[in-house]
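Colleague: Have a look at the structure that comes next, please.
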Amino acid sequence: MDTMQAAGAVDGRPVRVLVVDDSAVMRQLVPALLREDPRIEVVGTAADAYIARNKIQRLDPDVLTLDVEMPRMDGLSFLRNLMRQHPMPVVMVSSLTEQGASVTLDALASGAVDFIGKPRAEAPEALAAYAAELRAKVLAAAQARVRATGPVRPSGPGTPP
């Protein structure tokens with residue numbers, strides 16, 4: 001096993017990540033922080049669950065980072081649907097996902113692999129520590145075994161994610 005594979009890459013290639021967040025700032029910041037690690041490739045971003053569904057089908061990411069509060073469909077509802085139809089490792093990235101918070105427990109029970117809060121406007125050292133933790137969680141998530149939860153429903157045009 002080579003160094004890249006041992007350190008979290010998938011099949012010797014970088015971990016492919018799709019970032020889902022309604023905040024334009026977060027859709028720029030999270031990918032920038034993830035791209036600092038050569039073992040991670042950000043394949044795209046999505047502003048809501050419906051865009052994410054289409055990009056998951058098209059881009060086939062290894063890991064999803066997912067916000068909780070989004071328009072049209074919240075992140076927890078999307079997570080539940082995703083785990084029924086297309087189970088994959090998900091790291092929740094939200095100001096609501098603090099350790100012990102009920103939304104965090106719901107996300108983990110619904111299939112999320114891990115969680116991390118959103119970065120706060122702090123000193124550069126704090127952002128660097130946050131970035132390292134985010135990258136570690138994404139790399140660890142790529143190694144997770146994720147199973148479908150609940151009954152699998154047929155998917156197709158007109159079927160919600």
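Colleague: Regarding residue 161, is this residue at pLDDT below 95, open to solvent by 60 Å² or more (accessible area, probe 1.4 Å) and more than 21 Å from residue 34 (Cα to Cα)? Steps first, answer last, please.
Modeller: On the way: at pLDDT below 95: yes; open to solvent by 60 Å² or more (accessible area, probe 1.4 Å): no; more than 21 Å from residue 34 (Cα to Cα): yes.
Spelling it out, it is not the case that residue 161 is at pLDDT below 95, open to solvent by 60 Å² or more (accessible area, probe 1.4 Å) and more than 21 Å from residue 34 (Cα to Cα).
Colleague: A further question follows. With the condition being at negative phi, surrounded by 20 or more Cβ atoms within 10 Å (Cβ to Cβ) and of a type outside the set (Gly, Ala, Ser), I'd like the helices (runs of 4 or more DSSP H) fully within the stretch 6-119 carrying at least 2 qualifying residues.
Modeller: Working: elements: 24-34, 49-59, 75-85, 102-109.
Ranges flagged: 24-34, 49-59, 75-85.
Colleague: In addition: Among the residues of the stretch 120-157 satisfying the criterion of being in a loop (DSSP other than H, G, I, E, B) and in contact with a strand residue (DSSP E or B) (Cβ under 9 Å, 6 or more places away or on another chain), which is modelled with the highest pLDDT? Show your work before the answer.
Modeller: Taking the stretch 120-157 first, the residues in a loop (DSSP other than H, G, I, E, B) are 120-123, 143-157.
Remaining after also requiring in contact with a strand residue (DSSP E or B) (Cβ under 9 Å, 6 or more places away or on another chain): 143-144, 146.
Numbers: 143: 93, 144: 89, 146: 70.
Here the answer is 143.
The values are calculated or read from the model by the stated rules, or taken from the named source; none is laboratory data. Since we're looking at a predicted model, the values are computed, not measured. Note that we place each Cβ from the backbone using ideal geometry, even for glycine, and neighbour counts take in every protein chain shown. The area values use the complete protein model at the heavy-atom level, side chains included, leaving out ligands, DNA and RNA. Shrake-Rupley method; radii C 1.70, N 1.55, O 1.52, S 1.80 Å.
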